[in-house]
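Here is the structure we will look at, set down as structure tokens.
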Amino acid sequence: MKKVDARGCACPEPVVLTRNAIKEDPSGAEVTVDNACAVENISRFARNAGYQVAAIKNGSEVTLTLTKP
């Protein structure tokens, strides 16, 4: 599972980084972001690509785990 640190990145960069990560490893990715817009956009992208999304909030950061069902 590929890990992506997209903290501090403005949209659409977190989605682009996530897309590249799942191209490299289609089994899934773990993406850390620090803004609500990125959480929403990555979650939408991942679900449309057939991934399940789990989110864990840690302070101002959110880690999204994308997995294939």
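Read-outs: derived from the displayed coordinates by stated rules, not from any lab. Since the structure is predicted, the reported quantities are computational estimates derived from the model, not experimental observations. Ideal geometry is used to build each Cβ from the backbone, glycine not excepted, and the neighbour counts take in all protein chains shown.
Using Cα atoms only, what is the angle between the long axis of helix 13-24 and the major principal axis of the chain, expressed in degrees (0 to 90) to the nearest 10?
Result, in degrees: 30.
Quick check: the angle from helix 36-48's long axis to the longest principal axis of the chain, C-alpha only, nearest 10 degrees?
Between helix and principal axis, roughly 10 degrees.
Which of the lysines could a cross-linker span from LYS57 if the Cα-Cα distance has to be under 17 Å and same-chain partners fewer than 8 positions apart are dropped?
LYS3
What does the helix-only formula give at 222 nm for the chain: each DSSP H stretch with n ≥ 4 adding -39500 (n - 2.57), the total divided by the residues, and the result rounded to the nearest 500 deg cm²/dmol?
-11500 deg cm²/dmol
Name the shape class, rounded, prolate or oblate, that the alpha-carbon gyration tensor gives for the chain, where a ≥ b ≥ c are the square roots of its eigenvalues, rounded holds for a/c under 1.5, and otherwise prolate holds if a/b is larger than b/c and oblate otherwise.
Cα axes put the chain in the prolate bin.
How would you rank THR63, THR18, going from fewest to most other Cβ atoms within 10 Å of each one's own Cβ?
Listed from fewest to most nearby Cβ atoms, that is THR63, THR18.
Run the numbers for SER60 and ASN20: contour at 0.36 nm per residue of separation, minus the present Cα-Cα distance, in nm.
Gain on extension, SER60 to ASN20, equals 12.0 nm.
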